[in-house]
1. Here are some pairs, K335/K499; K153/K511; K322/K542; K322/K534; which of them have Cα atoms lying more than 31 Å apart in this structure?
2. With every protein chain left in place, what is the accessible area of I75 in Å² (1.4 Å probe, nearest 10)?
3. Name the shape class, rounded, prolate or oblate, that the alpha-carbon gyration tensor gives for region 468-527, where a ≥ b ≥ c are the square roots of its eigenvalues, rounded holds for a/c under 1.5, and otherwise prolate holds if a/b is larger than b/c and oblate otherwise.
4. Solvent-accessible area of E92, probe 1.4 Å, all protein chains present, reported in Å² to the nearest ten, please.
5. Could you rank V105, V648 by how accessible they are, 1.4 Å probe, largest area first?
6. 5 Å is the cut-off here: which amide hydrogens, built 1.01 Å from N in the peptide plane, fall below it relative to S136, excluding neighbours closer than 5 in sequence?
7. When the Cα centres of region 218-237 and region 523-538 are compared, how far apart do they sit, in Å?
8. Please say if region 430-535 is rounded, prolate or oblate, where rounded means a/c under 1.5 for a ≥ b ≥ c the square roots of the C-alpha gyration tensor eigenvalues, and otherwise the choice is prolate for a/b larger than b/c and oblate otherwise?
Amino acid sequence: MDKNPNPEYKKINPDQLFSASGEGDLGLAFRMNMAFLSLVLLFVIGFMAIGLILGLPWFIPVAAASVIIFLQYLISPLIVKMVYKIDWVGLEALEPGIRKYVINVCKVNGVKPPEYGVIHDDNPNAFCFGWTRNRSFLVLTDGIDKYCDLKEKKAVVGHELGHIVHNDFIVMTVICMVPLLFYIIGRSCIEVSKHSSGNNKGAGYVALIGLIAMVIYVISEFIVLLVSRYREYWADGYSARSTRDPNSLSSALIKIAYGLASEGKGNSKIKQIKFENALMISDPRSGRSLAFNSRSITGKSDFTVMDLKEAMAWDMWNPWAKWLELKSSHPLPAKRIMVLDKISEDMGKDPYVGFDLMQPESYIDEFLLDVSAGYGWVLAFPVSIAYMVAAGMIFGPFMAFLSGMGLMMSIIGFSLFLYLGRYRYPMGFRESDVEFLLDDPKASPLRGIPVTVQGRIIGRGEPGLFFNEDFKIDDGTAMVLIDYHQVLGIIDLMEGVFKTGGRIGANVRLKGWYRRMITPYIELYELEWSGGRKKMRTRPVKMGFSLALGILGVIFQIVMPLSMLVLGGYLLLYLGFLKMLERKYERDMERRLQAGPHPYQRLYRMDISAEYYDLVDFSEAVEGDIFPPEGEMRDVVLKIKCPVCGTVQEAYVGASGTSHRCINCGLTAQIDITNIRM
């Protein structure tokens, strides 16, 4: 809906809206150009350094690299056409309004219209590729028609046209070769130096070249990914300005990136209404536990703005999101939506989402705990080295080294065994729905949440890729990627080629572990459908190998059993740490189940008076509706310290206060909450 239309947009010639010249954010253009310049300088400096070491003119390796890049550029589109099942239907298959839009964009920018193809897969997605912007290909999946309305489809097409007009597939093909080339050089030099004589002066030069190449590879890889993210923002801006409808692209992104959609073109339209008037699955007073356990598989037909904000919260708050974005070719979906919201405001329109949730806590502690749990085995190296040094001074270097290596193997093996069994692949599956999982801002790429989900397989994880074994399901509340992962890659390949396609459209019940990367996914454990049942062997095989490594290490330690004391102490500490995390995340889950819908809508401040007791802190943020429409107030959880025995404990305080009794010494005192405010 337009607010006060920006007069600048009224003055623009209609043709200018389709033109790539002068469009977009100057800050984005500057950052993109600086990234390009950095990559070019890195490329030239790297090859000059390698050329100087080899005694060759700098242009010789650059020329050799250019030939490789050109060959890769020629064959890339052919490879895409070979491995994807694309039905080339032509622009005539597009709706008249969208076809006219495509033709106008191409005419104004002097671009030949792309060849248009469809992938017959209900997983909504789109991409483009080609040799030049006058020899390009535009591909949509059937899922775009099934889950998006015409405005959203036009916005998606506009995004892909932005890539074509900007020559993005050519630009990215070329610059992606920079890190690839340095990686090949680095790996080759390292392998050559391994097989050279240690006294050979040439071997030192080769090793130095390999080191330089690998450093440049790492830096250039991050720069290429940064450029790719900038190009995505640029294509988003092109779609928003050429269609004059940034909100439709935001809506399409929500469906494609978060899976917040249900079947039917109009079924997943977002309701622009306040939380107090939102259509809920269950009565708000009944709590999230009822919604979690009793939602119908047919799902719901509408999502509120608050649903979207909660799905975006992980992108905005979780430290894992920032780290994973650095290694991604696409920006975080929430950031793209916020940029589109800004464009919408510049056009005088209401933003589509307007993310304004207040972050209840830092989540840095969750991130550090997660990393500690996932990489606890790394401590095997410093612990074993310290043991070898200490034992070597007493028992001699040979015995210390042998038992120290055994200690290292045991710590790595048993740590991975515990991590896999209790943290990455825990059992205890509970019924869930996809939307509830998407709402969890603490989800992790390491910690698996054991869930059971029912839904319909709508397509492959990578639409059109004939050997892709992963798939996507729609459970009626949202869509999610299912990671099919057996022990060996060849098994996955055979599954993708011969089995996955035959299951598309089937209603299934699955067990697996939900994790959150930039794309949320469930790693499959067990799949049931009308035609059979399949169980993944990844968990037992990985745990078996880890256990075998640990036992092998124990055998090495037999020569000096003292090291087993170190091993036992370490494993007791690590197991206790994992158990502590299990209890913590179980409490978090229970609180989410009890919190009711939209727990992050508001944050309140309040004055707390605790007779005798000292307030330590809030054990969780004061969140949700303190005074919901029904006039009921949820308990606030406080951490308090008893002045008599010093015990730190939790107290649950309601609107009328509470009489709290110390869990240790029995001291009773009144705790009240006053002056509640935003």
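1. With Cα atoms farther than 31 Å apart: K335/K499; K153/K511; K322/K534.
2. Accessible surface of I75 is approximately 90 Å².
3. Verdict is oblate for region 468-527.
4. Counting only protein heavy atoms, the figure is 140 Å².
5. Working: V105 0, V648 80 Å².
Sorted by accessible area, descending: V648, V105.
6. Long-range HN contacts for S136: E115.
7. 38 Å
8. Prolate is the answer for region 430-535, as a/c is 1.5 or above and a/b outweighs b/c.
The values are calculated or read from the model by the stated rules, or taken from the named source; none is laboratory data. The structure displayed is predicted, hence computed values, not measured ones. These area figures cover heavy atoms from the full protein model, side chains too; ligands, DNA and RNA do not enter into them. Shrake-Rupley method; radii C 1.70, N 1.55, O 1.52, S 1.80 Å.
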